[in-house]
Amino acid sequence: KVPYVVTSKSYTAVAINAASKAGEWIKSKLGTVKQLGMKSGAQDLVTEVDKGAEQMIRKLILTHFPDHHILGEEGVEPGPQASADALKEALDEDYVWIVDPIDGTTNYVHGFPFYCVSIALAYQGEVIVGVIYDPSRDELFVAEKGKGCYVHGNRMEVSAEGRLSESLIATGFPVGISSTLPMNMAGLQHLVPKVRNIRSGGSAALHMAYVAAGRLSGFWEIGLNAWDLAAGALIVQESGGSVSDTLGRPYDLSVRNVVASNRKIHSEFVEALKEANATGLNG
Ligand code: IPD
Ligand code: CA
Ligand code: CA
Ligand code: CA
């Protein structure tokens with residue numbers, strides 16, 4: 001069953017159609033992975049389902065928009081330099097689709113039902129459409145620049161917490177980049193006593209969608225890539241939230257160290273992360 005079958009050629013309709021179709025296919029393959037590949041190491045997984053889903057999404061997009069550029073995770077060599085180069089090259093084009101075919105591959109491989117498809121469209125470097133589909137819960141998050149964010153037709157809004165002490169915060173641990181570990185640990189050590197509690201679900205894009213839906217007050221993570229964040233960033237902003245880097249600078253596609261929140265806690269959150277990094281753990 002595909003939740004939305006859309007025949008219109010609008011950008012959002014194509015993004016919804018691609019995310020829904022790929023998501024249903026990914027879910028149908030759960031537990032059947034035959035080729036478990038390792039990219040930068042044993043933490044950094046890729047399967048034939050990641051690759052197949054990316055191909056499927058690529059084809060669907062190019063059928064409608066043959067001259068648009070597609071930046072997909074599985075088409076880029078692992079590592080921050082290759083990602084930065086691929087993003088720079090992509091941004092030479094006006095229209096760039098930014099695709100994470102499975103965000104949460106580790107969860108997918110282990111059967112932990114917290115993974116999603118993330119598809120964004122950027123025009124001249126600015127995200128104008130963001131779609132995240134979670135096939136496990138059949139939840140489709142859709143945002144268009146300036147038009148709000150909806151989950152299955154219902155408008156989404158961030159949560160109301162005004163203080164970190166009342167906040168449920170998520171974070172994640174980047175795969176295959178050990179240099180970010182001290183920064184992660186410093187953040188955790190500093191944040192745990194300040195917030196209500198911390199969660200780490202293993203999908204950056206779904207964490208962003210959950211901030212937008214008011215299920216999390218905020219999320220931060222170090223060392224992400226454009227495909228982890230592009231759709232989620234618009235989804236959070238269009239739900240009334242804020243997205244910045246960990247120094248508080250506004251989100252753009254090059255941001256790797258992200259802070260997303262319900263806006264009310266944003267400055268306290270960013271300040272706490274700055275303090276964490278000043279504790280010395282991060283050097
Ligand atoms: C990963 C997930 C995970 C995050 C990692 C990402 P992938 O994406 O978003 O939550 O902690 O940093 O690389 O590889 O499953 O698409
Ligand atoms: Ca990956
Ligand atoms: Ca990802
Ligand atoms: Ca992925």
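Anything in segment 98-114 that is crowded, with 24+ Cβ neighbours inside 10 Å and either assigned to a helix (DSSP H, G or I) or in contact with a Pro (Cβ under 8 Å, 6 or more places away or on another chain) (or both)? List them, or say none.
First, pick out the residues of segment 98-114 that are crowded, with 24+ Cβ neighbours inside 10 Å: 98-105, 108.
Within segment 98-114, THR105, TYR108 meet the criteria.
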Practice prompt. Check segment 120-138 and report whether any residue there is closer than 18 Å to ALA18 by Cβ, free of Cβ contacts under 8 Å to residues at least 24 places away in the same chain and outside any helix (DSSP H, G or I).
Written response: no
Item to complete: May I ask you to list pairs of residues, at least six apart or on different chains, whose Cβ atoms are under 8 Å apart, with the first in segment 198-214 being over 11 Å from THR171 (Cα atoms) and in contact (Cβ under 8 Å) with a residue 60 or more places away in the chain and the second being among the acidic types (Asp, Glu) and in a loop (DSSP other than H, G, I, E, B)?
Response: ALA212/GLU238
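Would it be correct to say that LYS27 is farther than 14 Å from TRP227 by Cβ, in contact with a helix residue (DSSP H, G or I) (Cβ under 9 Å, 6 or more places away or on another chain) and of a type outside the set (Ser, Thr, Tyr)?
Working: farther than 14 Å from TRP227 by Cβ: yes; in contact with a helix residue (DSSP H, G or I) (Cβ under 9 Å, 6 or more places away or on another chain): no; of a type outside the set (Ser, Thr, Tyr): yes.
No, not satisfied.
Could you pull out the residue among GLY201, GLY187, GLY172 that is in contact with a strand residue (DSSP E or B) (Cβ under 8 Å, 6 or more places away or on another chain), in the same structural domain as ASN262 (by TED's automatic domain parsing) and modelled with pLDDT under 95? Walk me through it before giving the result.
On the way: GLY201 fails: modelled with pLDDT under 95; GLY172 fails: modelled with pLDDT under 95.
The unique qualifying residue is GLY187.
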Worksheet entry | Residues that are charged (D, E, K, R) and either in a helix (DSSP H, G or I) or in contact with a Cys (Cβ under 6 Å, 6 or more places away or on another chain) (or both), drawn from segment 223-257 | ASP228, GLU238
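If you go through segment 104-112 one residue at a time, do you hit one that is aromatic (Phe, Trp, Tyr), closer than 20 Å to MET56 by Cα and touching a residue at least 24 places away in the same chain (Cβ under 8 Å)?
So the first thing to find is which residues in segment 104-112 are aromatic (Phe, Trp, Tyr), and the list is 108, 112.
Those left that are additionally closer than 20 Å to MET56 by Cα: 108.
Keeping just the survivors that are touching a residue at least 24 places away in the same chain (Cβ under 8 Å) gives 108.
Yes.
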Response to the item:
Checked ASP44, ASP50 against criteria (modelled with pLDDT under 95 and in the same structural domain as SER136 (by TED's automatic domain parsing)); the one match is ASP44
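Mind listing just one residue for me: the one in segment 65-101 that is charged (D, E, K, R) and closer than 25 Å to ASP134 by Cα and, of those, nearest to ligand 3 (Cβ to nearest atom)?
Restricting to residues being charged (D, E, K, R) and closer than 25 Å to ASP134 by Cα, the top hit is ASP100.
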Worksheet item: Do we have any residue at all in segment 135-145 that's closer than 19 Å to ASP252 by Cβ, touching a Leu at 6+ places or on another chain (Cβ under 8 Å) and either within 14 Å of ligand 3 (Cβ to nearest atom) or not charged (D, E, K, R) (or both)?
Response: yes
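Only one residue in SER179, SER267 is farther than 24 Å from VAL99 by Cα and at pLDDT below 95. Which one?
Details: SER267 fails: at pLDDT below 95.
Result: SER179 is the single residue among SER179, SER267 that is farther than 24 Å from VAL99 by Cα and at pLDDT below 95.
The values are calculated or read from the model by the stated rules, or taken from the named source; none is laboratory data. The shown structure was predicted, so the numbers you read here are calculated from the model rather than taken from an experiment. Don't worry about glycine lacking a Cβ; one is built from the backbone with ideal geometry, like all the others, and counts go over all protein chains shown.
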